[in-house]
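Novice: Right, I'll just put the structure down here and ask away after.
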Amino acid sequence: MGYLKRACRFAVTLLLGLVPSFVTADDAADANNPLANVRAFNIQGYYLNDFSGLPSDTDGFQTVLRYAQPLKIGDTNWLMRASLPYNSLPIGAGNTTVSGIGDVDVFMAYQFDTRPGISFGIGPQVVAPTASDDRLGADQWQLGLANVYFNGTSPQFQYGYLLIYRTGVGSTPAGRKRPEVGAFQPFWFYQLGKGWYTGGAPIWTYDFTTDNYNVPFGLRLGKVQQFGSTTANIFVEPQWSLASRGNGQPQFQLYAAVNLQFR
């Protein structure tokens with residue numbers, strides 16, 4: 001439970017310690033746009049608790065460092081997003097915790113020309129087997145496709161999704177199964193005023209290799225602040241699993257993050 005206490009304390013301190021600053025309605029609405037045409041750096045943390053098929057006192061943690069960069073290639077607009085996870089999960093013998101760096105994933109989204117307030121991108125995803133312990137990754141290169149849609153036409157309510165499919169390529173290491181995973185992340189955000197907002201962005205996953213899945217629901221409280229040319233989006237989002245299959249699926253997650261956009 002130490003992870004939960006530290007995560008809650010950190011998130012509450014951030015939320016309550018913010019000083020008022022002016023943030024426009026457009027900045028607040030765009031702060032959660034995964035295809036925003038700005039450089040961004042995110043620090044995201046998941047406290048994971050009550051894994052299916054494991055003792056009730058089992059927990060884990062994942063931290064993700066993520067960087068996004070708009071790119072101009074010829075006459076086309078792209079967004080590159082790279083993510084590096086650090087995992088601490090109960091996957092060792094006797095449900096002991098194994099900690100270390102996970103697999104790095106990168107995707108490039110081609111951004112289509114759309115009407116104002118709409119963002120739509122699609123492109124390739126590559127996952128590199130960089131895990132410091134083979135149990136923390138797939139131990140195999142993966143290729144896939146990512147598709148993102150964001151509707152920010154309303155300054156009060158925004159919504160969209162992230163859809164990912166990827167599978168292992170090349171030879172599969174002995175004793176391992178070829179990874180084949182799909183993920184769908186629906187998201188919605190309702191602006192409460194003065195930079196405060198609510199919403200949710202759970203990630204629904206399906207493992208085509210094992211037929212295991214997890215479908216969580218989340219409810220977020222967030223605050224968007226402007227610091228000069230930097231937009232900070234800080235939030236806490238508890239998530240509960242509505243349906244799952246297979247051992248090791250977290251039944252509760254506490255998702256907290258600091259997302260920075262540099263304009």
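The values are calculated or read from the model by the stated rules, or taken from the named source; none is laboratory data. These numbers were taken from a predicted model, which means no experiment stands behind them. Glycine gets a Cβ as well: all are built from the backbone with ideal geometry, and neighbour counts include every protein chain shown.
Novice: Answer yes or no: is there a residue in segment 233-247 that is within 27 Å of Asn37 (Cβ to Cβ) and part of a loop (DSSP other than H, G, I, E, B).
Specialist: Looking for residues that are within 27 Å of Asn37 (Cβ to Cβ) and part of a loop (DSSP other than H, G, I, E, B), one finds none in segment 233-247, hence no.
Novice: Here's something else I'd like to know. Mind checking which residues of segment 35-48 are assigned to a loop (DSSP other than H, G, I, E, B) and either of a type in the set (Phe, Trp, Tyr) or touching a Gly at 6+ places or on another chain (Cβ under 8 Å) (or both)?
Specialist: Residue satisfying the conditions is Leu35 alone.
Novice: Here's another thing I want to ask about it. Taking segment 215-239 only, how many residues are closer than 23 Å to Asp50 by Cα and either touching a Leu at 6+ places or on another chain (Cβ under 9 Å) or touching a residue at least 40 places away in the same chain (Cβ under 8 Å) (or both)?
Specialist: 9
Novice: Collect the residues in segment 204-234 that are modelled with pLDDT under 95 and among the aromatic types (Phe, Trp, Tyr), keeping them in residue-number order.
Specialist: Result: Phe227, single match.
Novice: I've got another one for you. State which residue is farthest from the chain's Cα centre (by Cα) when the search covers only segment 195-248 and only residues that are polar (S, T, N, Q) and under 17 Å from Ala29 (Cα atoms).
Specialist: Only one residue fits best here, namely Ser229.
Novice: On to the next question. Taking into account only those residues within segment 52-102 that are touching an Asp or Glu at 6+ places or on another chain (Cβ under 7 Å) and surrounded by 15 or more Cβ atoms within 10 Å (Cβ to Cβ), which is nearest to Ala40 (Cα to Cα)?
Specialist: Ser83
Novice: Separate question: Strands (runs of 3 or more DSSP E) wholly in segment 65-141 with at least 2 residues that are in contact (Cβ under 8 Å) with a residue 60 or more places away in the chain and either within 19 Å of the chain's Cα centre (by Cα) or under 21 Å from Leu162 (Cα atoms) (or both) - which ones?
Specialist: Filter on segment 65-141 gives 104-111, 118-128.
Novice: Right, another one. For Leu35, indicate whether it is modelled with pLDDT of 85 or more and in contact with a Ser or Thr (Cβ under 9 Å, 6 or more places away or on another chain).
Specialist: When the stated conditions are applied, Leu35 passes them.
Novice: Kindly check whether there is at least one residue in segment 171-178 that is surrounded by 16 or more Cβ atoms within 10 Å (Cβ to Cβ) and without any contact (Cβ under 8 Å) to a residue 40 or more places away in the chain.
Specialist: Yes, that holds for at least one residue.
Novice: Right, another one. Tell me which of these Tyr255 doesn't satisfy, since it passes every other one: (1) closer than 21 Å to Asp30 by Cβ; (2) out of contact with any Phe, Trp or Tyr (no Cβ under 8 Å at 6 or more places or on another chain).
Specialist: So Tyr255 meets the others, but not (2).
Novice: Here's something else I'd like to know. Could you tell me whether Gly45 is within 18 Å of the chain's Cα centre (by Cα), buried (at least 19 other Cβ atoms within 10 Å of the Cβ) and farther than 24 Å from Tyr165 by Cα?
Specialist: When the stated conditions are applied, Gly45 does not pass them.
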